[in-house]
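Below is one structure; the comments refer to it alone.
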Amino acid sequence: MSEGKSQQPPRRTSESAAQRGRSEPPEVREPLVDIFEAEDYLLVQAEVPGIGKRDVRIEFKDDVLSIFAQRGGREYRKEVLLPRDLSPEKMRISCRNGILEIKCFK
């Protein structure tokens, strides 16, 4: 027998961060992206399940297209290098059934 106080292992709790009063940032996902080039436009498709068109923000800088999307606990971010510099004024955005389509006319 050992003398003195017995040592107990550290206590585990199953308390979540929210129960402890802290919030965890949402997980940022990188969507799968395909780029298709046609004669008069470039089409960028991204898989963003649970996201609608109003949840999407697009930024252009030189030949880089940045996609940001967030709704509820889902957050997506992706930077896409385009084969050429395109004008944001000549693009159309749609989002149906979790597929974001950005059509950039040449």
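The values are calculated or read from the model by the stated rules, or taken from the named source; none is laboratory data. All figures in this text were calculated on a predicted structure; none of them were measured in a lab. Positions of Cβ are generated from backbone atoms using ideal geometry, with glycine treated the same way; all protein chains shown enter the neighbour counts.
Out of the residues in region 35-48 meeting the condition of being of a type outside the set (Gly, Ala, Ser) and loosely packed, with under 12 Cβ neighbours inside 10 Å, tell me which one is nearest to ARG77 (Cα to Cα).
Applying the filter and picking the extreme gives PHE36.
Under 6 Å by Cβ, and 6 or more places apart or on different chains, what pairs join a residue from region 64-86 that is modelled with pLDDT of 90 or more with one that is among the hydroxyl-bearing types (Ser, Thr, Tyr)?
Listed by first residue and then by second, the contacts come to ALA69/TYR76; GLU79/SER66.
Just checking, how many residues over region 64-91 are under 17 Å from TYR41 (Cα atoms) and under 20 Å from the mean Cα position of the chain (by Cα)?
The total comes to 5.
Can you tell me which residue in region 55-102 is surrounded by the fewest Cβ atoms within 10 Å (Cβ to Cβ), limited to those that are touching a Lys or Arg at 6+ places or on another chain (Cβ under 9 Å) and part of a helix (DSSP H, G or I)?
Per the stated criteria, the residue is LYS90.
In region 30-64, which residues are in contact with an Asp or Glu (Cβ under 8 Å, 6 or more places away or on another chain) and on the phi > 0 side of the Ramachandran plot?
Answer for region 30-64, where residues must be in contact with an Asp or Glu (Cβ under 8 Å, 6 or more places away or on another chain) and on the phi > 0 side of the Ramachandran plot: just ASP62.
Among what's in region 1-58 and is at pLDDT 90 or above and over 23 Å from the mean Cα position of the chain (by Cα), pick the residue that is farthest from ARG71 (Cα to Cα).
Filtering region 1-58 for residues that are at pLDDT 90 or above and over 23 Å from the mean Cα position of the chain (by Cα), the one farthest from ARG71 (Cα to Cα) comes out as GLU39.
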